[in-house]
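Working notes for the structure below.
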Amino acid sequence: MSTPLITTPDYTSWLGELKFRIQSARISASRSVNRELILLYWDIGQAIVEKQEKLAWGKSVVEQLSAICKRSFPG
């Protein structure tokens, strides 16, 4: 036996607001994650450039770091 669905205008309106809040929170969370990742990648890039200049690392260091990171953080 199933429970009948509530279909009153108040419920329908409240449900719409709830869905909007969920979607807004998801978008906000995605933006926060993306912002943090961009800052991380920028920082990593800057650190690599500094090491290349200071320690005369060649361009191949990027490929080496990439391979190591892919193994350490798959996916």
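None of the figures in this text is laboratory data; all of them are computed from the coordinates on show. All values reported here derive from a predicted model rather than from experimental measurement. Every residue, glycine among them, receives a Cβ derived from its backbone with ideal geometry; neighbour counts consider all protein chains shown.
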Given the residues SER66, SER2, which is the only one that is assigned to a helix (DSSP H, G or I), of a type outside the set (A, V, I, L, M) and at negative phi?
SER66
Please determine whether any residue of region 42-54 is free of Cβ contacts under 8 Å to residues at least 12 places away in the same chain and loosely packed, with under 10 Cβ neighbours inside 10 Å.
yes
